[in-house]
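**Q** Pasting a structure below so you can have a look.
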Amino acid sequence: MEDCLAKKMEITVSEAEKRTGRNAMNMQETYTAYLIETRAVESQSEGQCAPVDSLWRRYSEFELLRNYLSVTYPHIVVPPLPEKRADFVWHKLSADNMDPDFVERRRIGLENFLLRVASHPVLCQDKIFYSFLTQEGGWKEMVNETGFQLKADSRLKALNATFRVKNPDKRFTELKHYSDELQSVISHLLRVRARVADRLYGVYKVHGNYGRVFSEWSAIEKEMGDGLQSAGHHMDVYAASIDDILEEEEHYADQLKEYLFYAEALRAVCRKHELMQYDLEMAAQDLTSKKQQCEELATGTVRTFSLKGMTSKLFGQETPEQREAKIKVLEEQIQEGEEQLKAKNLEGRDFVKSAWADIERFKEQKNHDLKEALISYAVMQISMCKKGIQVWTNAKECFSKM
């Protein structure tokens, strides 16, 4: 971790800017660009003021970077991006993609994504990632030249692997179930939080009504007027504080959403392992078939029904020379198949070792982050309750002085 990029470079997504331009279809579109600023840490430690490098990136470029990382490092739980469109949002907040509050939260999320990658022991060393931070022009061409899209597995192949693998690894099967359950639990938690926020908003706004009523009442009272006016003021201040509280609520929700999306990153690693296991089993099956064909040709016996066997019976047997030639070809294919199977077995073992090491790293990170988020949320709720108690304590004192 000492060599990770996050230790050598300060990385911030400092601002977001609404822009208008033309897309690939030559149609005008409005989009948001994000300013990435980087500064070397070494020169600062030496007492020098390091210059800040900056460049602008669109959300689609962040997506391209993440897709590249996911394909290039299939054994790694690649950090997720913040949502492109507002989901699981408390319904009184805007779900507009261009809404300033949503754009600001997404800016924070994009910065968090870059810091996650820069802190990862493997991903931080990737040259394409470094170029994303430091080279504005030609970066897209550079990432496309890697040919990573050609390495991407098709959905149909992934679906085949899911249903046709005969000997799935129990650990990855359990991890896949865990990621599904984690996503389900966090989704429910976000919905509950949204309902709590909705109710909280109502409670605070009702206190605003208290403030208005007390102020109106104070206007017709001589002896009680000052006390009612003061109590109304406390209620108004309490009601106005709801905006800051809901902003904290949304920050907490964004922390949960990150792990909602991390669940899909976990599943991606599991799917890749299924694909590798599927390829391994298909290669082993093909090798067994070729060995059987070779044995049948060598002994002249057919163990199983085949179209070739029926053809031989109908049109006569092959000559010894033809049989020898086929045996030779099959022996070469068998040797090649055995080498491929050996390579696939080795690749599979390396994948499991690397993937499991990264999954363990992810688990530690997840436990730490979610523990902190839940504690912060509890502290926030306690603070809100204390604020409510204090408001009514102040009101009580105002009423006592009447």
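**Q** Would you mind estimating how fast the chain diffuses translationally, via Stokes-Einstein at 20 °C and 1.002 mPa s with the Kirkwood radius over Cα pairs, in µm²/s?
**A** Result for D is 80 µm²/s.
**Q** Also, quick follow-up: Show me, for the stretch 205-220, the HN-Hα J-couplings you get by feeding each phi into the Karplus relation (A = 6.51, B = -1.76, C = 1.60, θ = phi - 60°), rounded to Hz, glycine and proline as x.
**A** 5, 5, 5, x, 5, 4, x, 5, 5, 4, 5, 5, 5, 4, 5, 9
**Q** Ok, one more. Using Cα pairs closer than 8 Å and at least 6 residues apart in sequence, work out the relative contact order for the chain, in percent.
**A** Numbers: 409 pairs, mean separation 72.1, N = 402.
This gives 18 percent for the chain.
**Q** If you don't mind, another one. For q = 0.12, 0.15 Å⁻¹, what log10 I(q)/I(0) does the stretch 76-205 give under the Debye formula with an equal point scatterer on each alpha carbon and no solvent?
**A** Those come out to -0.80, -1.11, one per q.
**Q** Right, here's the next one. Could you pull out which residues in the stretch 321-341 have an amide N less than 12 Å from a spot 7 Å beyond the Cα of Asp286, following the Cα-Cβ vector?
**A** Only 333-334, 336-341 fall inside the zone, counting backbone N under 12 Å.
**Q** Run the helix sum for the chain: -39,500 (n - 2.57) per DSSP H stretch of 4+ residues, divided by residue count, reported at 222 nm to the nearest 500 deg cm²/dmol. Write out the running numbers ahead of the final one.
**A** Values: 13 runs with 284 residues, N = 402.
After summing the helix terms and dividing by residue count, I get -24500 deg cm²/dmol.
**Q** Further question on the same structure: Please report, largest first and rounded to whole Å, the three semi-axes of the ellipsoid equivalent to the stretch 245-300, where each semi-axis is the square root of five times an eigenvalue of the C-alpha gyration tensor.
**A** 55, 4, 4
Every number in this text was worked out from the coordinates using simple rules, so none of it is lab data. No experiment lies behind these values; they were computed from the predicted model shown. FYI the Cβ positions are ideal-geometry reconstructions off the backbone, even for glycines, and counts take in every protein chain you see.
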